[in-house]
Amino acid sequence: MKGFLAFLLAMGIIVALGDAYCFTKTNTAGESAKGCILDGKLYPFGEIERTENCFRCSCSQDAIRCCSLFHTPVGFDKERCKVVFNKESCNYDVVEKDDPSKECTVYSRVG
């Protein structure tokens, strides 16, 4: 039974990590010599662990490819709680509307 529960937990983590929002932005002719520009900032060629807006990217001469480091909460008490983006942790916090110092339970998130 413990093995089965460990398997379910591992699958949940894999599904959560595999559900990130991703996009590709093609470089314009003048950009490709210096790196990639994303949200007005120049990033060097290669792997970018974390951008200012919480994306993990790969920059090449032809394009920058990025995936979000955050997952949007969808399963929570929407009447009692609100969603606030935490740029330090690159995640959404779900807190009580009446007392933002108290966290709410989140049942599911999407990328």
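The stretch 29-111 has equivalent-ellipsoid semi-axes of 35, 11, 9 Å, by the square roots of 5 times the alpha carbon gyration tensor eigenvalues, sorted largest first.
Each peptide in 41-51, 87-97, 66-76 was scored by the mean count of other Cβ atoms within 10 Å over its residues; highest first, the order is 66-76, 87-97, 41-51.
Given their separation in residues at 0.36 nm each and the Cα-Cα distance between them, Leu42 and Phe85 gain 13.1 nm when the chain is fully extended. Proximity of backbone amide H atoms, modeled 1.01 Å from N, is registered between Leu38 and Tyr43 at under 5 Å, excluding neighbours fewer than 5 places apart on the same chain.
Binning the C-alpha pair distances of the stretch 65-111 at 5 Å intervals from 0 yields a P(r) profile of 5, 23, 29, 24, 12, 5, 2, 1 %, listed from the shortest bin outward.
Bear in mind that the values in this text are calculations on the coordinates, not laboratory data. This one's a predicted model, so the numbers in the text were calculated from it and none came from an experiment. When we count neighbours, we look across all protein chains shown, and the Cβ atoms used for this are built from the backbone with ideal geometry, even at glycine.
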